[in-house]
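Engineer: Okay, here's the structure, questions in a sec.
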Amino acid sequence: MSSPVGLHRVIEPAGVLPQAARKLDASPQISADEVRIRVERLNLDAASFRQLSEKHAGDGAAVRAEVCAIVTERGKMQNPVTGSGGMLIGVVEEVGPESPLGLAVGDRVATLVSLTLTPLMITDGLKGWDGRSEQVPAEGHAILFGRSIAAKLPDDMDPELALAVLDVCGAPALTARVVAGYRDATVAVIGGAGKSGSLSLAAARQAGARTVGIVPHAREAELLTGAGIADHVAIADARDPVALADAVSGALGGPADVTVVCVDVPGCEHGAILATAAGGTVIFFSMATSFAAAALGAEGLAADVTMLVGNGYVPGHADVALRLLRGEPGVRSLFEGRLRAD
C-alpha cells in the first residue's frame, strides 16, 4: 500500500521514514500518488562533496566510483559520513493518477527534497562526470512521493544555474523570516561568498538588516566586496571562535543579532554562538554542523541564543531565491562565477 511519505519504499530497517532508512526500493514502477523523474543532473550537498573529495585526495574517478556505489547499495544518494545528499533536476516521465504535486509528463523540474530520502537509480555509471564538481551529469530515474516537493525549472536561466540556486533556496527564505522578527537587525553570514551565504546576505539586507559577510581568505573577500551585497566584508577562520567573534564585532560594532552559518566545514559552532548577541538567533544551514557541539557549546558559554536548524523548506522558498537571483546582479555574478570554476 502506498504511503504519501514513502514508507512503502523503505527496505531496511522497517518502521523508519525514507531519510533514516539504510536502503530504499528505487524500482521504476510507481504507485498511484508517485511521480517518476528521468534524471539529468544531480547536485551533491557541499559538505558531502567536500568529504568525498578530501577522502580520495581529489581523485575524481574514485569519487565517482564511491557515489555510484552509495546509490547502488542504498537506493538513494546519502553520504554515510555526513548523512547528507543533495537534489536533482530531470524530466517528468510518469505521473500517478492520485499525485498531488501538480506535475505533468514532460515538465522539467528540480526536486526540492533531499536525495537522502529520494529513491534513485543510476544507469550510466556517471560516465559524464569527472568527479571534481558538485554538479553531476547523470542518467537514471528518481521517485517522488505524494508529500514530496518539486519546482518547474524557470525558462529564463540555464538549468545548471537554476539547480545551484534551488539547491539552497531554503536559506534566504528562513533568513528573511528570522530577520523580520528584529528591529534594526544586524546579521553576520559565515561563508558569505558561497551559494547559500550570498542569497542569505541579499535576503537579510532586503529585510532591512545591516550585514557582514565572513569569508576565509582574501580572494573570497574580493569576490564578495565586488558583488556589493554586504555592508561589510571580513576575513576570519570560522573554526577559530575568538577570531570569528572579533571579526563580527569589528564590522558591526558588537555581536550580531542573527548569525547564519553557511560553511561546509565542521567546527564552526562555537564561533557562531560567540559572535551572536544575547537574545539573538543562530541559524545553522551547514550539513557539517554538529548539533551536539552547538547545544553543549551554548550551554558552556552561558549563551542565551536561539539556535535553528535550517531544514531546507520554507513555504515559497523557491520563488524567494529565484527572485533574489534575478534582482541582485551581485548574487548572480557569484553563482555564475562558481559554475564557471566548476
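Engineer: What about Val331, is it within 20 Å of the chain's Cα centre (by Cα) and either crowded, with 18+ Cβ neighbours inside 10 Å or closer than 19 Å to Asp246 by Cα (or both)?
Structural biologist: On the way: within 20 Å of the chain's Cα centre (by Cα): yes; either crowded, with 18+ Cβ neighbours inside 10 Å or closer than 19 Å to Asp246 by Cα (or both): yes.
It is true that Val331 is within 20 Å of the chain's Cα centre (by Cα) and either crowded, with 18+ Cβ neighbours inside 10 Å or closer than 19 Å to Asp246 by Cα (or both).
Engineer: Right, here's the next one. Six or more apart or on different chains, Cβ atoms under 9 Å: show the pairs whose first residue is in segment 50-78 and outside the structural domain of Thr111 (by TED's automatic domain parsing) and whose second is part of a helix (DSSP H, G or I).
Structural biologist: Close Cβ pairs satisfying both conditions: none exist.
Engineer: Within segment 309-328, is even one residue under 20 Å from Ala256 (Cβ atoms), assigned by TED's automatic domain parsing to the domain that holds Leu174 and not aromatic (Phe, Trp, Tyr)?
Structural biologist: yes
Engineer: Can you find a residue in segment 32-47 that is farther than 18 Å from Asp167 by Cβ, of a type in the set (Asp, Glu) and touching a Pro at 6+ places or on another chain (Cβ under 7 Å)? Reasoning before the result, please.
Structural biologist: Here is the first cut: in segment 32-47, the residues farther than 18 Å from Asp167 by Cβ are 32-36, 38.
Restricting the remaining residues to those that are of a type in the set (Asp, Glu) gives 33-34.
Now drop any that are not touching a Pro at 6+ places or on another chain (Cβ under 7 Å), which leaves 33.
Scanning segment 32-47, I find at least one residue that is farther than 18 Å from Asp167 by Cβ, of a type in the set (Asp, Glu) and touching a Pro at 6+ places or on another chain (Cβ under 7 Å), so the answer is yes.
Engineer: So how many residues does segment 79-89 have that are at negative phi and either touching a strand residue (DSSP E or B) at 6+ places or on another chain (Cβ under 6 Å) or not β-branched (Val, Ile, Thr) (or both)?
Structural biologist: Total meeting the criteria: 7.
Engineer: More than 15 Å from Ala138 (Cβ to Cβ) and surrounded by 21 or more Cβ atoms within 10 Å (Cβ to Cβ): is that true of Gly6 in this structure?
Structural biologist: When the stated conditions are applied, Gly6 passes them.
Engineer: Still on this structure: Test Ala294 against the stated conditions and say whether it is part of a helix (DSSP H, G or I), more than 19 Å from Pro159 (Cβ to Cβ), free of Cβ contacts under 8 Å to residues at least 40 places away in the same chain and in the same structural domain as Val187 (by TED's automatic domain parsing).
Structural biologist: yes
Engineer: Filter segment 125-164 down to the residues that are without any contact (Cβ under 8 Å) to a residue 24 or more places away in the chain and under 27 Å from Lys55 (Cα atoms) and list them by number.
Structural biologist: Lys127, Gly128
Engineer: Could you check segment 161-175 and list, in sequence order, the residues that are of a type outside the set (S, T, N, Q) and touching a strand residue (DSSP E or B) at 6+ places or on another chain (Cβ under 6 Å)? Don't jump to the end; show me each part of the working.
Structural biologist: Residues of segment 161-175 that are of a type outside the set (S, T, N, Q), as a first pass: 161-174.
Result: Leu163, Leu166, Asp167.
Engineer: For residues that are among the polar types (S, T, N, Q) and either crowded, with 20+ Cβ neighbours inside 10 Å or more than 20 Å from Leu163 (Cβ to Cβ) (or both), tally how many sit in segment 48-71. Talk me through it step by step, then tell me what you get.
Structural biologist: Start the filter on segment 48-71 by keeping residues that are among the polar types (S, T, N, Q), which leaves 48, 51, 53.
Now narrow it down to the ones that are either crowded, with 20+ Cβ neighbours inside 10 Å or more than 20 Å from Leu163 (Cβ to Cβ) (or both): 48, 51.
The total comes to 2.
The values are calculated or read from the model by the stated rules, or taken from the named source; none is laboratory data. This one's a predicted model, so the numbers in the text were calculated from it and none came from an experiment. Here Cβ is always computed from backbone atoms with ideal geometry, including for glycine, and neighbour counts include all displayed protein chains.
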